[in-house]
Amino acid sequence: MPKRDTDTRLWEEDWFLSLSGAHQLWWFWIKDHCDHAGIYRPNVRLYKAVTGFEITSDFLSVVNSDKERIRILPNGKWWIVGFCLFHYPNLNTKNRFHKSVIDTLLKNGIDPTDSGCKIDGEHLHAIWKSVPDPVVRAHPKENEVSELPDFPNDPQVRPEWKDDYSAYLKECEEAFDKWHDDWVWIEERKVFMPKGMSIQKTLEKAFLSFWGTEAGWHHCKKKKTKKINWARTILNCLDMPKNRVYYGRNEPDLESKELERRRENAHASTSEEVHG
């Protein structure tokens with residue numbers, strides 16, 4: 001059975017005291033259910049079934065109000081940013097357990113240096129090189145495009161979008177259209193977004209005001225990346241408060257209505273199959 005250390009000063013932290021009782025328990029739930037690298041796949045339904053408490057969409061905004069404590073990864077999992085530094089401030093890459101922690105971070109698209117732990121750079125570079133496919137740095141910053149790490153002596157094949165704005169724009173449009181019309185993904189994201197926020201309108205604003213423009217193209221061109229991780233980039237668009245678009249006070253939440261309609265249709269289809 002895994003054991004977790006606890007910082008007793010947590011009960012003196014303003015951000016933690018600002019959480020509701022249900023959300024404070026959810027924080028401990030995440031900490032106790034995460035893996036040895038601090039990574040957890042959210043299971044709100046199980047939490048509710050066990051505790052009887054609901055999780056509302058403002059949890060992440062309160063937790064990350066003054067600094068990043070939980071990072072949403074491209075694969076949908078959550079990472080407790082300070083977990084590794086708290087439990088093992090010095091990671092020894094020759095230690096089998098510590099090596100497993102680093103490998104887990106890499107597999108989930110996290111640069112191990114983002115953990116804040118002291119790591120031997122020479123051995124870390126060897127670990128990066130041993131990963132079969134390049135991994136994505138999951139580190140949301142405003143207008144940051146997620147990039148694949150380049151290493152010395154790697155063959156450099158310059159992608160078309162670096163020199164051709166129309167090629168970049170085509171790739172960008174396809175990516176934004178994909179998530180804009182993915183109702184399964186929208187339903188998953190809706191749970192963690194502020195009430196009244198329109199995911200589709202937020203994506204439209206991000207595309208029209210920056211990513212679909214030459215400014216967005218030039219921003220990407222400055223990076224060393226050869227392939228843009230649009231999944232992470234689009235999640236970053238939703239995470240930035242200044243990007244968010246909300247429905248008006250008297251304007252219906254069309255996304256929630258559409259999701260409800262789809263659930264009803266799915267339920268009706270299932271009932272017909274059972275009784276047909």
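If R0 equals 30 Å, the separation of the Cβ atoms of N90 and D14 corresponds to a calculated FRET efficiency of about 0.55. For region 65-77, putting each phi into the Karplus relation 6.51 cos²θ - 1.76 cosθ + 1.60 with θ = phi - 60° gives couplings of 5, 10, 6, 7, 10, 10, 10, 7, 8, x, 8, x, 7 Hz, in residue order, rounded to whole numbers and with x for Gly and Pro. As a rough footprinting exposure proxy, the listed residues W11, W217, W185, W211 were ranked by other beta carbons within 10 Å of their own, and the order from fewest upward is W11, W185, W217, W211. Taking region 213-244 and a reference point 7 angstrom along Cα→Cβ of K162, the backbone N atoms nearer than 17 Å belong to 217-229. Could you tell me which of the pairs K67/K107; K107/K170; K178/K201; K170/K205; K195/K257 are separated by over 22 angstrom between their Cα atoms in the structure shown? Those over the limit are K67/K107; K107/K170. Both radii are taken from the alpha-carbon atoms of region 160-257; with Rh as the Kirkwood radius, Rg/Rh is 1.01. The Cβ shell under 12 Å around G212 holds other residues with a net charge of -4, Lys and Arg each +1, Asp and Glu each -1. Residues C237, C220, ranked from the fewest to the most other C-beta atoms within 10 Å, line up as C220, C237. Loop-resident trypsin sites (Lys or Arg not before Pro) (DSSP state other than H, G, I, E or B) in region 15-117 with no more than 12 further Cβ atoms inside 10 Å of their Cβ: K67, K94.
Given axes a ≥ b ≥ c from the Cα gyration tensor, I'd like to know whether region 14-130 is rounded (a/c under 1.5), prolate (a/b larger than b/c) or oblate.
prolate
Residues T51, T233, T6, T225, arranged from fewest to most other Cβ atoms within 10 angstrom of their Cβ, appear as T6, T51, T225, T233.
Read the figures in this text as sums done on the coordinates, not as results from a lab. Only a predicted model underlies this, so the values are computations on that prediction, with no experimental measurement involved. As a convention, Cβ positions derive from the backbone with ideal geometry for all residues, glycine included, and neighbour counts pool all protein chains shown.
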